[in-house]
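The values are calculated or read from the model by the stated rules, or taken from the named source; none is laboratory data. These numbers come from a predicted model, not from an experiment. Quick reminder, even Gly has a Cβ in these numbers, built from the backbone with ideal geometry, and neighbours come from all protein chains shown. Areas reflect the complete protein model, heavy atoms only, side chains present, ligands, DNA and RNA absent. Shrake-Rupley method; radii C 1.70, N 1.55, O 1.52, S 1.80 Å.
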Amino acid sequence: MLIKLITIVIALALIAFILWWFFGKHETAGGAGEIVDGVQTAQVDVDGGYQPATLQLKSGLPTSLTFHRKDPSPCLEEVVFSDFGIHEKLELGGNKTFDLGTLQPGEYPWACGMNMFHGKLVVK
Ligand SMILES: [Cu+2]
């Protein structure tokens, strides 16, 4: 009787965990910029998507964003950042730095060349 009860409890816990794993909101905190001598810099690793996919930045500072591509898939070889007129190829294993100027508050999305992977800057 007790064994049965324990089994049911474990089964329910397992189901709850599976549901959480697949459907729960895994809130990724996102990355932040680094401010050195009044210039804000941030880096995004391109590796099976964008890490971090959300960057929290401050407005009113000259900002540069670097993409570091680790992923060989052709899907991620281009980055499109329409708010800044950017549509560039990323070299595998290389860094590409974009000068974004001084940012205004808002959200600025970017995507891969096929619009399958997405990331965004959240500027406050
Ligand atoms: Cu793509």
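Where does the chain land at 222 nm, in deg cm²/dmol rounded to the nearest 500, when only DSSP H runs of n ≥ 4 count, each adding -39500 (n - 2.57), divided by all residues? Spell out each step's value before the answer.
On the way: 1 runs with 22 residues, N = 124.
Per the formula, -6000 deg cm²/dmol.
With a 10 Å cut-off between alpha carbons and a GNM built on the chain, which of Phe84, Phe17, Phe98 moves the most?
Phe17
Specify which residue in the list Gly33, Val122, Ala13 is farthest towards the positive end of the charge dipole of the chain, using unit charges on the beta carbon of Lys, Arg (+1) and Asp, Glu (-1), about the Cα centre.
My answer, from the dipole projection, is Ala13.
Work out the length of the dipole vector of the chain about its Cα centre, built from +1 on the beta-carbon of each Lys and Arg and -1 on the beta-carbon of each Asp and Glu, and round it to the nearest 20 debye.
Values: 9 positive and 13 negative charges, 113 e Å.
Dipole about the Cα centre, nearest 20: 540 debye.
Give me the number: length gained by fully extending Thr102 to Ser64, i.e. 0.36 nm times residue separation minus the C-alpha to C-alpha distance, one decimal in nm. Intermediate values should be presented prior to the final figure.
Values: separation 38, 0.36 × 38 = 13.68 nm, distance 0.92 nm.
Full extension of this stretch gives 12.8 nm more.
Under 19 Å from a label point 7 Å along Cα→Cβ of Thr41: give me every residue in the range 100-124 with its amide N that close.
100-103
How big is the convex hull of the Cα atoms of the chain, per residue, in Å³?
Numbers: hull volume 17.9 nm³, N = 124.
Taking the convex hull of the Cα positions in the chain, it is 145 Å³ per residue.
Can you return the lysines within cross-link range of Lys58? Criterion is Cα-Cα under 25 Å, with same-chain partners fewer than 8 residues away left out.
In chain and number order, the partners are Lys96, Lys120, Lys124.
How much accessible area per residue does the chain have, in Å², with a 1.4 Å probe?
65 Å²
Of all beta bridges DSSP finds with both residues in the range 31-123, what is the antiparallel percent, to the nearest 5?
Roughly 65 percent of the DSSP beta bridges within the range 31-123 come out antiparallel.
Return the FRET efficiency for the residue pair Leu12, His118: r is the Cβ-Cβ distance, R0 is 30 Å, and the value is rounded to the nearest 0.05.
Efficiency for this residue pair is about 0.25.
Evaluate the distance, in nm, between pseudo-label points positioned 7 Å from the Cα of Glu78 and of Leu92 along their respective Cα→Cβ axes.
1.8 nm
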